[in-house]
């Protein structure tokens, strides 16, 4: 969601600088699912696909704190979800999965921003 703020030109210069550095660090340390499995986020083949971090991804999860602080500062609501059944898995590695909710969007209980 912070990347969405950046794409819309809504981040301050300082926040954009932090985001670029943090994304670079994350991209170096962890695979981008879409580079390994192109189409894993395809809206037709995998509608509503979302990335979920695994509990084993402690270092990755610790990186999310500042992202969440930025969302708070810009008034973007977010919800922490935990589940052992995120949906139909379309990508899986050591730290994350990409999953399509079982019944999208009718049974997904949280609003999806577009």
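So which helices (runs of 4 or more DSSP H) are wholly in region 1-62 and hold at least 1 residues that are within 27 Å of residue 73 (Cβ to Cβ) and at pLDDT 95 or above? So that I can check it myself, show each step before the final result.
Working: elements: 2-7, 13-29, 33-36.
The qualifying helices (runs of 4 or more DSSP H) are 2-7, 13-29.
Output the number of the condition that residue 85 fails; it satisfies all remaining conditions of (1) in contact with a helix residue (DSSP H, G or I) (Cβ under 9 Å, 6 or more places away or on another chain); (2) at pLDDT below 90.
Evaluating residue 85 over (1) in contact with a helix residue (DSSP H, G or I) (Cβ under 9 Å, 6 or more places away or on another chain); (2) at pLDDT below 90 leaves (1) as the failure.
I need a count of the residues in region 63-107 that are within 30 Å of residue 14 (Cα to Cα), out of contact with any strand residue (DSSP E or B) (no Cβ under 9 Å at 6 or more places or on another chain) and either assigned to a loop (DSSP other than H, G, I, E, B) or free of Cβ contacts under 8 Å to residues at least 60 places away in the same chain (or both).
Adding up the residues that qualify gives 14.
Exactly one of (1) at pLDDT 95 or above; (2) out of contact with any helix residue (DSSP H, G or I) (no Cβ under 9 Å at 6 or more places or on another chain); (3) buried (at least 16 other Cβ atoms within 10 Å of the Cβ) is unmet by residue 104. Its number?
(1)
The values are calculated or read from the model by the stated rules, or taken from the named source; none is laboratory data. Bear in mind the structure is a predicted one, so any value in this text is a computation, not a measurement. Note that each Cβ is placed from the backbone with ideal geometry, even for glycine, and that neighbours are counted across all protein chains shown.
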